[in-house]
Amino acid sequence: MKKTILCISLLMSSWGWAQTNLVSPDKYNLKIKPPDAGQLSKHIDIPASTYTGTFGVDIPIYNIKVDDYSLPISLKYHASGVKVKEIASKIGLGWSLSVGGISLSKQIFGVQDKGAIPNINQVDGAFQPNNTASADHHLALQITGFNSFSPDNSLIEQKRDTQPDVFSYSIGNIAGDYYFDSSGKVVKISPTDAKIEGNSILTDSEGNKYFFSPGNLMRTTGGSIPSSEDMVTTDFVIDQIILKSGKEIKFEYNQGSYQYLSNYYKGYIYPLSCATNNNPEYNEYASLTEMMQERYLDKITFPEGYVKFIYNNNRQDIINGISLENIAVYNNYNQLISNNLREKLFYIK
């Protein structure tokens, strides 16, 4: 029998050419989602429907039933197509593991938010960045990053960005996006019935509570020297579901790390004037994504039994990468109930 691994997710390409050779030192520090989180986000950003013109494939594996609550485990394929330099998930290229459709991930814009974004007064004339005695001037220095290049400036701080990071979530039958404004208040991009408490507790319309925690620590660098500021968290994992009845479903995780070449660029730089230049500057750089720490699903425990996820480490596209090999379901007496993932997907005679 020949073993074939489907191999998912995430567009990691960067194309373009520059019209100036004034390149910012951190221009190529990319803050992108890892393959598994990126693939799940596709189902939120572009849901399969006749409205979007996208269809999806859903292969059911097992359905956990607790009273009237269902937690289906399935393998999903998003038919938006495989993009250039897209990296496969642990399931396969274009595929994702869905556990009740539950997910929470973060798309970082600019730099990772480590608190509330700056509040800039939008009233005409209210913002006074040129007044050196005002707080607006200091804020402008932080936003532009000018103070970080002044060695004699005693107020050197990390550059702040004004773009809020966007969180994508899916719980129960609700999916949407939100961000935090300058006061720390949750702002829903798409109105839903979900109740959001920070980044750790979400409640669906039925009153079921979902508890999340950070699931990874990663960095993608290229064209600059890596620093601790490059390390970000883009993915959150579900730790526990407390149903409205009080019963619980718990999730356990293993921890791993891996790395892969996420982008490779070749291009020419021309003068801003676009004048004829017989010797244009040639640039070439690579972007490396390092998953410093990742929590991946090992076990789901529910009142009537548990589900065990089994992996192997025979991937060739990612250094130290793993792929899902099987999913086994047991009752509370450790008796095997279901063990058919291999027959469904991973073995071809």
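The values are calculated or read from the model by the stated rules, or taken from the named source; none is laboratory data. Quick caveat: nothing in here was measured; it's all calculated off a predicted structure. Positions of Cβ are generated from backbone atoms using ideal geometry, with glycine treated the same way; all protein chains shown enter the neighbour counts.
Taking the listed residues Ile44, Ile91, the one that is among the β-branched types (Val, Ile, Thr), within 25 Å of Phe211 (Cβ to Cβ) and at pLDDT below 80 is Ile44, with no other qualifying.
Among the residues of segment 292-336, those that are within 20 Å of Ser262 (Cα to Cα) and surrounded by fewer than 16 Cβ atoms within 10 Å (Cβ to Cβ) comprise Met292, Gln293, Asn313, Asn314, Gln316, Asp317, Ile319, Asn320.
Just to verify a result, which residue in segment 162-175, among those that are in contact with a strand residue (DSSP E or B) (Cβ under 6 Å, 6 or more places away or on another chain) and farther than 17 Å from Lys114 by Cα, is modelled with the lowest pLDDT? Per the stated criteria, the residue is Ser168. Picking from residues in segment 198-240 that are charged (D, E, K, R) and touching a helix residue (DSSP H, G or I) at 6+ places or on another chain (Cβ under 7 Å), the one that is modelled with the lowest pLDDT is Arg219. Pairing residues of segment 303-314 that are under 20 Å from Leu75 (Cα atoms) with residues that are modelled with pLDDT under 95 and aromatic (Phe, Trp, Tyr), at Cβ distances under 7 Å and at least 6 apart in sequence or on separate chains, gives Val307/Tyr62.
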